[in-house]
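The values are calculated or read from the model by the stated rules, or taken from the named source; none is laboratory data. Just so we're clear, the structure is a prediction, and the values are computed from it rather than from any experiment. So basically every Cβ, Gly included, is an ideal-geometry build from the backbone, and we count neighbours across all protein chains shown.
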Amino acid sequence: MKKLISSLLVFSFLFSILSFSVSAESYTLAPGDTLEVKIIGQSKFDTKQAIAPDGKINLPLLGRVAVSGYTMDKLTEYLNEEFALYLVKPQVVIYLTPRPIYIIQHDVKKNTWEVKEAKSIEEARALAGKDYKGEIKHGDIITVEVSKKADFFEDNWYKVITATAVLAGIYATLNR
């Protein structure tokens with residue numbers, strides 16, 4: 001039994017790593033993402049910055065570089081080629097902080113709005129609720145309703161029944 005449980009734990013751990021790496025490879029960079037670009041052995045060229053609205057970042061030696069639309073693998077390959085013009089066999093490493101997902105929760109009963117920031121798609125799904133069926137991507141702004149509109153009878157059923165009983169009692173008392 002212990003072997004089965006440990007096998008399942010190892011399998012689930014490996015599956016989560018593999019599923020994350022597949023999604024990271026297919027992730028397309030866009031304005032709002034934060035990139036940390038490092039060149040191994042060249043710490044003076046290290047930089048961390050957000051992709052500007054025009055889709056560019058400013059890199060030492062290269063200047064303004066358009067990075068929006070690249071995947072992480074393609075950008076690493078491109079930057080290795082570009083830095084090779086100035087450095088001997090550069091090894092570029094890029095760390096990504098994806099743009100947040102904003103969930104706007106509208107409470108219809110209280111008529112209030114609350115904006116919540118999700119750092120992952122899983123967190124955004126949890127904040128959006130089980131009824132949300134749409135696709136969620138990094139950088140999305142999603143509006144969901146977290147309660148239904150107030151229903152007079154549902155909120156006041158006990159008052160209606162009490163008032164009806166009181167009126168019936170008064171009517172029965174007066175018509176004796």
ILE57: passes all of (1) closer than 24 Å to SER26 by Cα; (2) surrounded by 11 or more Cβ atoms within 10 Å (Cβ to Cβ); (3) outside the structural domain of SER26 (by TED's automatic domain parsing); (4) not hydroxyl-bearing (Ser, Thr, Tyr) but (3)
Inside region 107-152, can you point out the residues that are surrounded by 14 or more Cβ atoms within 10 Å (Cβ to Cβ), part of a loop (DSSP other than H, G, I, E, B) and among the aliphatic types (A, V, I, L, M)? ILE136
Got at least one residue in region 118-136 being within 21 Å of GLU36 (Cβ to Cβ) and either in the same structural domain as GLY32 (by TED's automatic domain parsing) or of a type in the set (S, T, N, Q) (or both)? yes
Just to be sure, is TYR78 outside any helix (DSSP H, G or I) and of a type in the set (Phe, Trp, Tyr)? no
Extreme residue, surrounded by the most Cβ atoms within 10 Å (Cβ to Cβ), among residues of region 74-106 that are among the hydroxyl-bearing types (Ser, Thr, Tyr) and under 27 Å from ILE142 (Cβ atoms): TYR102
More than 20 Å from LEU29 (Cβ to Cβ), assigned by TED's automatic domain parsing to the domain that holds ILE39 and either more than 35 Å from the chain's Cα centre (by Cα) or aromatic (Phe, Trp, Tyr) (or both): does that describe LEU85? yes
If we ask which residues in region 31-67 are of a type in the set (Ser, Thr, Tyr) and touching a residue at least 40 places away in the same chain (Cβ under 8 Å), their number turns out to be 1
Name the residue, out of TYR78, TYR70, that is under 22 Å from the mean Cα position of the chain (by Cα) and either on the phi > 0 side of the Ramachandran plot or at pLDDT 90 or above (or both). TYR70
